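Step one of this worksheet: look at the structure below.
The values are calculated or read from the model by the stated rules, or taken from the named source; none is laboratory data. All figures in this text were calculated on a predicted structure; none of them were measured in a lab. In this analysis, Cβ positions are derived from the backbone assuming ideal geometry, glycine residues included, and neighbour counts consider all displayed protein chains. Please note that ligands, DNA and RNA were not included when accessible areas were found on the heavy atoms of the full protein model with its side chains. Shrake-Rupley method; radii C 1.70, N 1.55, O 1.52, S 1.80 Å.
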Amino acid sequence: MKLSKLILSAWLAAGGLLAFLSCGKPPPPSAWKTSFYVWREQWTEDMEPALNRAAPWANEFMIFAASFRVMGDRLVLDKKTVDWRFLSQTGKPVVLVFRLPVQFALILERTPSQTAVFLQDAIQRQMEEARAQSAAVAGTQFDYDCPTSKLKDYAALLRALRFAAPKTPLSITALPAWLESAAFADLIHGLAYYVLQVHSLEKPSSIDKDYRLCDVRQAEKAIRRAAAFGKPFYAALPTYGYQLIFDENGAFAAIASEDAPDSLPANYRTRAVFAEPEAIIPLLESLQRDPPASLVGAVWFRLPVDSDRMNWTWPTLLAVMEGRMPAMSFKAELRQPQPGLYEIWVTNSGERNYEGKIRFNVVKKRSILAYDILGNFHEDESVNSLTGPAPRAGAPALAAWYRAAPGAEGDGLPIQLGPVEAMK
């Protein structure tokens, strides 16, 4: 029987079909699993070291393999540029994640069986491509923020896909709001597991508002509520951030996630909102100390990559996974690239990035003939200090240069620097 006919038969008989997937019992606390979402539109060379760093900690990687978009009355597949070689070298199993748009609900309602056929064909091709490059594909997953009112349609789609490919473990991401729906139990029935997303951002309204990517009280409440369904699940915990952009009138204009813009129109302002280690650590400790039944472990969204400016660094995530606060440390040093020329470089020598400002004292001798303050730092001569944005870990920042009179070095360094402090 052809695949399309098989799926169509499954769709028509979905109400009486129960596909079986071995889910096993919830693991004991010692079997806590750690996984990472690898979520990149474009793969770069720094993906390889990022994967290798995380591999000793990873039970598996969940890979953003493709997204679907709606064009008129049909779905279109947008494949991501995944380098499966990097993944095969880690020796870890991978789950292929497929992103569906919110508009998918309309397509599914109009053409349910044809949509199922299209999805299964697209997924099968992606799996074959990954396996052809030695990736150890362990399953597939849908990332779909389905409207709660449409969960029954979504459940029927999942039943049809499981019937067509019963040997491929299938999982989904789930929203906390779904837990209160009568359709949720049917939605997750037969899945290998699901991933409960306890991070989100409300629509920005003001640059001064207190934004949180993860309300940890609500997150733990949702996680313990999910345990009542008896289905294995992961908790998706955030590592990422957003840059919120507001126009000259203070109105919300745009949001940036993976790639923050390097420049903005005049009078635009930005606000960075990141997941906070201070909040995530207690949540993680609580879940590991008293693990809810059926909770498999944590999936971190997303894998830290050196070029990803809107995410934690790997040392930050590693510290959080170890249950300790990432160390924060900065230092300012004086460099002399040529005789008479001095530069102040500021380095983030800690384990985390800091979105605030730093300050340190600078004392100049009279032998300084000229100088300039750089990189959004500014000088307060009344207290002999420089204040500016904290540099990212691994990215030293040039804060100022100074030109000294000939022979000034004979009297010692013409610049004296004080310790660097983070400003609240």
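Okay, here's what the table says:
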item: Exclusive hit being touching a Gly at 6+ places or on another chain (Cβ under 9 Å), over 23 Å from ASN311 (Cβ atoms) and not in a loop (DSSP other than H, G, I, E, B), set ALA138, ALA226, ALA156, ALA177; result: ALA156
item: Residue tally, condition under 12 Å from PHE274 (Cβ atoms) and part of a loop (DSSP other than H, G, I, E, B), over the stretch 311-325; result: 2
item: Flag for LEU213 being within 18 Å of LEU119 (Cα to Cα), under 25 Å from the mean Cα position of the chain (by Cα) and touching a residue at least 60 places away in the same chain (Cβ under 8 Å); result: no
item: Residues satisfying the stated conditions in the stretch 141-153, i.e. in a strand (DSSP E or B) and without any contact (Cβ under 8 Å) to a residue 24 or more places away in the chain; result: none
item: Of the criteria (1) assigned to a helix (DSSP H, G or I); (2) surrounded by fewer than 21 Cβ atoms within 10 Å (Cβ to Cβ), which one LEU187 fails; result: (2)
item: Qualifying residue in the stretch 39-51 (condition: surrounded by fewer than 17 Cβ atoms within 10 Å (Cβ to Cβ), of a type in the set (Gly, Ala, Ser) and not in a strand (DSSP E or B)); result: no
item: Identity of the residue in the stretch 374-383, open to solvent by 40 Å² or more (accessible area, probe 1.4 Å) and modelled with pLDDT of 95 or more, that ends up farthest from PRO339 (Cα to Cα); result: ASP380
item: Elements of type strands (runs of 3 or more DSSP E) contained in the stretch 341-424, each with 2 or more residues being aliphatic (A, V, I, L, M); result: 341-348, 357-364, 368-373, 397-404, 415-417
item: Hey, PRO414 out of contact with any strand residue (DSSP E or B) (no Cβ under 6 Å at 6 or more places or on another chain) and in contact (Cβ under 8 Å) with a residue 12 or more places away in the chain or not; result: no
item: Scan of the stretch 159-174 for residues that are in a helix (DSSP H, G or I) and among the charged types (D, E, K, R), ordered by number; result: ARG159, ARG162
item: Residue among LEU303, LEU317, LEU284, LEU334 that is in contact (Cβ under 8 Å) with a residue 24 or more places away in the chain, more than 22 Å from PHE64 (Cβ to Cβ) and open to solvent by less than 10 Å² (accessible area, probe 1.4 Å); result: LEU284
item: Among the residues listed as PRO396, PRO414, PRO406, PRO419, the single one being more than 34 Å from the chain's Cα centre (by Cα), farther than 19 Å from ALA272 by Cα and open to solvent by 60 Å² or more (accessible area, probe 1.4 Å); result: PRO406
item: Output for the stretch 194-221, where each listed residue is open to solvent by 80 Å² or more (accessible area, probe 1.4 Å) and modelled with pLDDT under 90; result: GLU202, LYS203, ASP208, ASP210, ARG212
